[in-house]
Amino acid sequence: MQLIECPNCGKREEIEFHYGGQAHIAYPEDPAATTDHEWSDYLFFRDNPKGPFAERWYHGGGCRRWFNAVRDTTSYRFLAVYQPGERMPALPGTRVTR
Amino acid sequence: MTARRLPTGGSIDRGAPLAFRWAGTDLTGYQGDTLASALLGAGIDTIGSSVRLGRPRGITSAGTEESTALVQIEKPFPEPMLPATTVELAEGLAARGITGQGRLADRDDPARYDARHAHADLLVVGAGPAGLTAALAAARTGERVILADDDIRVGGSLLDYGETVEGVPGEQWAAGVLAELASLPNVRVLVRTTVFGIYDDGFVLAVEHRSDHLGAAARPGRSRERIWRIRTTTTVIATGGYERPIAFANNDLPGVMLASAAHTYLHRYAVLAGESVVLFTTNSTAYGAARALVAAGARLTIVDTRPEIPAGLDSGCRNLGIEVVTGHHVVTALGTDRVHGVTIAPRRAGGPHVAGASATIDCDLLLVSGGWNPVLHLFSQARGTLAFDERLQAFVAASEVRGFELAGLAAAESAGYDPADPFAFALHPVEGVWSIPLPADGDAGGSDTRFVDVQRDVTVSEILRATGAGLRSMEHVKRYTTLGTALDQGKTSGLLGSGVVAQELGISVAELGTTTFRPPFSPVGFAALAGADRGELYDPIRVTAIHPWHLAHGAEFENVGQWKRPWYYPLPGESLDEAVLRESIAARTMVACMDGSTLGKIDVRGADAAAFLDLLYTNLMSSLKVGSIRYGVMCGPDGMVKDDGTVIRLAEERFLVTTTTGNAAAILDWMEEWLQTEWPDLRVFAASVTEQWVTIPVVGPLSRAVVQQLAPGVDASAAAFPFMATRDAVIAGVDGRIDRISFSGELAFELNVPAWYGQAVWEAVIAAGEQHGITPYGTETMHVLRAEKGYPIIGQDTDGTLSPHDLGLGWAVSKKKPDFIGKRSFARAENTRPDRRHFVGLLPVDPEESIPEGAQIIASREVTIPMPMLGHVTSGYRSAALGSHFALALISAGRDRMGERLFAWSEGRVIAVTVTDSVLLDKEGTRRDG
Ligand SMILES: [Zn+2]
């Protein structure tokens, strides 16, 4: 069982966490102004990269706080964790897709 | 009967005889025996028969790699298919060999199982000389060390072969190391403990066998097995090696044994496995066993596949009177019930083929050594890669894995290990001999008896059939033949299988590779894995503060998530249907009450609480007045209904939100997700208060009188206390709150008091209502009452693909708010299709005919499958108020079908129904105001 480093609590077992999908997908400023295409893109479409991926995680079994993490989807290693609202840290080989 | 216990020797405790029962016969062994060594000591070497072919099978090893000696334990508790070599002998043990398959217990296991967590800097797996050395070195530096071994004491191979370490006998040296380890507070030594799984980030699972060996002396309540959940920085794998067999005809006969096993039985258990012995080997390691057996009085002939053997061995054997036949192999083990001889033949130089005539040697024990496989299961589980070593003819570790170290031959050699004694465990180059050609004279009786996987009865021919079918990968061959999939998971047969396939395909074993090892290393009982989490402790049970009353009054319970909720309260002899009719009539005509405490309750407060709820709900909540209540619907961003409930404004900046029982935790999480990730600037706090409050709906035309009596300080009249209002109140002397909410359509008051006073207030309600015939009702009646009113239950009548409009809740969707979660999606083309499913009611043409939940809605009585499915029934009940069965359903364009005749199909029954509005009772809502 993997250890995940919560930025508030430190390393905890993965069963304490919930996965929250891709990070940095902002709720549109004015949903009514979006086209059907833009809105469905927000609702349903996410990246699926091989390698580093910025994700949202929720420490439901601990501090009950959401945070962001960069995780390598090939090795499952967490490369960085950071707070919601912060920019994704620059890591070698990573790119922010949105 | 050829195996026997010697009068002296071994590390068994002859002062502690143990009585046990084998296949109905009373036998005696000693403390320190395994079941296998005790059986051999008693002269028993045939255990059971094989699963597919029914061939007799004996004892082939002395440890976890055992592939033939499978036993059924009868006492102390039935357990199927354990290797006799891993069952520690205990007083009163009863077992028998199995014919193919074991048998599970036919009763509950009374033993306790538990689990412990442990943390370590270093975990050492295997307490042989390497493991002990590693553990001691780390322990002396102060590191937290855990040393685990599946044997009953530390020492590993030192217990088996009588080697010396640093000039002292191995057992004595191991005892000295153990004494030092035991004196250190930072060390935990776990024997009888099998490390069976390696997982991420140093997480390791092990199972400790804690009480079987103690028998009746075990302290009451001591767990039988314990799962250790170890988190370690570094793991040293010092698990030694397994000797491997060779595939020749009849190699599965009782009396055929690995050479090292015979050595172990002799040295450790003082059991001589045979008097007249043939040793068939491809390497030098088995010569130590030969020397020991001869010293114990056996006659022994060595058949070595190598054209010549190292000079030291050669002269040593001459001195001991051991005949060595070089350049030969065993072709067939002779015998039907057990081995009584072998035929041998010279090997053609450079190849495995028989050349020349065969000779016969009589024997009662045939030892085999095809070389050694390092035990790399745990390393492989840790995703370490393996490479084939030509000199050892075995797979060895090929990569480094973070957090893992290997102890073994390479470590020993790099430390300068170079045994002077030619009979010591020395790995001269091993000859890669896998299978021997079938004998020409048909000794094997026509069918191939060269077993590769003895436990699965997989022969060389079957593997060749797989390669003949075009399979080229060991993973495929494994699945085609079942090779390596038995209880022993191919511990001795896996590499042998690779060797046979490589030989057939004319490629090297290195090129072919081997299969991947996965947890568990050896079988682990489900009881151990479950630990204490079984029966009542399997999942928490949640009960309300009024639960004791429900129990005392004969309630039947329904599981709603983890909650136990009263389902109905049957009178003596009453059925569910009868009770529900009675309870619902009481609610519609007099007064009834229920325990609604499981309702999810969330306290939402803060300067922006109203703004937040406006974003969360489809309705406008900020306009709600203090003291008022509003029904609300919550959607996901996709516009699909997520939950519903009420919002009560307790103060300008404080709301109480209710959720469906099953969604309480999920909705709190949902709020947190939006507050933390999307709108962190909103000043809002949300906290669950579900368990803090008991909620008692008092329902029915006479409810006002009951509530007025309970809470005289509140004016309960229709004018003073209108529908969807809330009032602080002293209820039966307890400070609480009364909400005019109705989930039944009747005049209703929901009494809320702190949970501590829940049962007292409930009893006060029952007492106050007695004169009015108050009737407690359960969830089934609640469902009927709400369904008559067309109130959907989120999760029963919905499935995450329905908008508020589909459910007929368009009235609860604000048109004023610029945005809320889900609003934009209502305009999506998919969500405006006219043929979307609508929530409607159904009445059967025959009022006595029930409409089952899950029934499919079709347009014609004639059923021709496939046919268009218009929808399905989500709820179906019998209604006392309607005098008919009825149902709620989701039907394509249902609201455009009012009055239409459709049909519900359920398990072959076709029910004619009429489509109606989802609200079947009191559509004007006059009843709720009393
Ligand atoms: Zn945390």
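The values are calculated or read from the model by the stated rules, or taken from the named source; none is laboratory data. As the structure is a prediction and not an experimental result, all values here were calculated from the model. Cβ: placed from backbone, ideal geometry, glycine included. Neighbour counts: every protein chain shown. When the accessible area is computed, the model is the full protein with side chains, heavy atoms only, and any ligands, DNA or RNA have been set aside. Shrake-Rupley method; radii C 1.70, N 1.55, O 1.52, S 1.80 Å.
The table that follows gives values for the structure above.
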{"item": "Any helices (runs of 4 or more DSSP H) falling wholly within the stretch B:108-190 and containing at least 2 residues that are under 16 Å from residue B:206 (Cα atoms)", "result": "none"}
{"item": "Elements of type strands (runs of 3 or more DSSP E) contained in the stretch B:196-274, each with 1 or more residues being among the hydrophobic types (A, V, I, L, M, F, W, C)", "result": "B:203-209, B:225-237, B:256-258"}
{"item": "From A:89, A:84, residue being open to solvent by 30 Å² or more (accessible area, probe 1.4 Å) and more than 16 Å from the ligand (Cβ to nearest atom)", "result": "A:89"}
{"item": "Residue that is nearest to residue B:897 (Cα to Cα) [pool: residues in the stretch B:846-870 that are open to solvent by 80 Å² or more (accessible area, probe 1.4 Å) and touching a residue at least 12 places away in the same chain (Cβ under 8 Å)]", "result": "B:869"}
{"item": "Residues located in the stretch B:796-835, provided they are of a type in the set (Lys, Arg) and open to solvent by less than 30 Å² (accessible area, probe 1.4 Å)", "result": "B:817, B:824"}
{"item": "Whichever residue in the stretch B:490-500 is in contact (Cβ under 8 Å) with a residue 60 or more places away in the chain and in a loop (DSSP other than H, G, I, E, B) and, among such residues, is surrounded by the most Cβ atoms within 10 Å (Cβ to Cβ)", "result": "B:493"}
{"item": "Single unsatisfied condition, residue B:716 versus (1) within 18 Å of residue B:594 (Cα to Cα); (2) buried (at least 20 other Cβ atoms within 10 Å of the Cβ)", "result": "(1)"}
{"item": "Those residues of the stretch A:43-57 which are within 20 Å of residue B:675 (Cα to Cα) and open to solvent by 40 Å² or more (accessible area, probe 1.4 Å), in sequence order", "result": "A:56"}
{"item": "Qualifying positions in the stretch A:16-35 - more than 9 Å from chain B (Cβ to nearest Cβ) and in contact with a Gly (Cβ under 8 Å, 6 or more places away or on another chain)", "result": "A:16, A:17"}
{"item": "Segments classed as strands (runs of 3 or more DSSP E), wholly inside the stretch B:1-87, with at least 3 members that are of a type outside the set (Phe, Trp, Tyr) and without any contact (Cβ under 8 Å) to a residue 24 or more places away in the chain", "result": "B:13-22, B:25-31"}
{"item": "Search result, residues across the stretch A:58-73 that are surrounded by 20 or more Cβ atoms within 10 Å (Cβ to Cβ) and within 11 Å of chain B (Cβ to nearest Cβ)", "result": "A:58, A:66, A:67, A:68"}
{"item": "Cross-chain or 6+ apart pairs with Cβ under 6 Å, the stretch B:802-830 first and more than 14 Å from chain A (Cβ to nearest Cβ), then hydroxyl-bearing (Ser, Thr, Tyr) and surrounded by 14 or more Cβ atoms within 10 Å (Cβ to Cβ)", "result": "B:804/B:618; B:808/B:918; B:812/B:618; B:813/B:618"}
{"item": "Filtered residues of the stretch B:676-702 (kept if more than 12 Å from chain A (Cβ to nearest Cβ) and surrounded by 18 or more Cβ atoms within 10 Å (Cβ to Cβ))", "result": "B:684, B:690, B:693, B:694, B:695, B:696, B:697, B:698, B:699, B:700, B:702"}
{"item": "When residues of the stretch A:21-42 are limited to those that are surrounded by fewer than 13 Cβ atoms within 10 Å (Cβ to Cβ) and assigned to a loop (DSSP other than H, G, I, E, B), the one farthest from the chain's Cα centre (by Cα)", "result": "A:35"}
{"item": "Subset of the stretch B:616-631 [open to solvent by less than 40 Å² (accessible area, probe 1.4 Å) and not hydroxyl-bearing (Ser, Thr, Tyr)]", "result": "B:616, B:619, B:621, B:624, B:627, B:629"}
{"item": "One residue from B:919, B:863, B:915, B:840 being under 22 Å from residue B:799 (Cβ atoms) and outside any strand (DSSP E or B)", "result": "B:919"}
{"item": "Top-ranked residue in the stretch A:36-57 [being at the interface with chain B (Cβ under 9 Å from one of its Cβ atoms) and aromatic (Phe, Trp, Tyr); ranked as farthest from the ligand (Cβ to nearest atom)]", "result": "A:39"}
{"item": "Test result for residue B:707, more than 14 Å from chain A (Cβ to nearest Cβ) and over 30 Å from residue A:58 (Cα atoms)", "result": "yes"}
{"item": "Selected residue (only one of B:890, B:920 is closer than 30 Å to residue B:721 by Cα and buried (at least 21 other Cβ atoms within 10 Å of the Cβ))", "result": "B:920"}
{"item": "Subset of the stretch B:736-750 that is touching a Pro at 6+ places or on another chain (Cβ under 8 Å) and not in a loop (DSSP other than H, G, I, E, B) - its residue that is surrounded by the fewest Cβ atoms within 10 Å (Cβ to Cβ)", "result": "B:736"}
{"item": "Residue ID - farthest from residue B:269 (Cα to Cα), chosen from residues in the stretch B:154-197 that are among the acidic types (Asp, Glu) and touching a residue at least 12 places away in the same chain (Cβ under 8 Å)", "result": "B:180"}
{"item": "Close pairs from the stretch A:6-26: first among the basic types (Lys, Arg), partner more than 8 Å from the ligand (Cβ to nearest atom) and open to solvent by 30 Å² or more (accessible area, probe 1.4 Å), Cβ under 7 Å, at least 6 apart", "result": "A:11/A:3; A:11/A:5; A:12/A:3"}
{"item": "3 or more residues within 27 Å of residue B:56 (Cβ to Cβ): qualifying strands (runs of 3 or more DSSP E) within the stretch B:289-349", "result": "B:299-304, B:328-334, B:341-346"}
{"item": "Selection count where residues are assigned to a strand (DSSP E or B), open to solvent by less than 80 Å² (accessible area, probe 1.4 Å) and within 10 Å of the ligand (Cβ to nearest atom), scope the stretch A:1-20", "result": "3"}
{"item": "Any chance residue B:577 is without any contact (Cβ under 8 Å) to a residue 40 or more places away in the chain, open to solvent by 50 Å² or more (accessible area, probe 1.4 Å) and not hydroxyl-bearing (Ser, Thr, Tyr)", "result": "no"}
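Results for (1) open to solvent by less than 10 Å² (accessible area, probe 1.4 Å); (2) modelled with pLDDT under 90; (3) over 30 Å from residue B:126 (Cα atoms); (4) under 52 Å from the mean Cα position of the chain (by Cα), shown as yes or no for each residue.
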site	(1), (2), (3), (4)
B:323	no, no, yes, no
B:333	yes, no, yes, yes
B:354	no, yes, yes, yes
B:362	no, no, yes, yes
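Yes or no, residue by residue, for (1) open to solvent by less than 10 Å² (accessible area, probe 1.4 Å); (2) within 30 Å of residue B:232 (Cβ to Cβ):
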residue	(1), (2)
B:47	no, no
B:61	yes, yes
B:89	yes, no
B:93	no, no
B:96	no, no
B:117	no, yes
B:120	yes, yes
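To keep it simple, each residue is scored yes or no on (1) over 45 Å from the mean Cα position of the chain (by Cα); (2) at negative phi; (3) surrounded by fewer than 24 Cβ atoms within 10 Å (Cβ to Cβ); (4) not polar (S, T, N, Q).
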position	(1), (2), (3), (4)
B:229	no, yes, yes, yes
B:239	no, yes, no, no
B:243	no, yes, no, yes
B:276	yes, yes, yes, no
B:281	no, yes, no, no
B:314	yes, yes, yes, yes
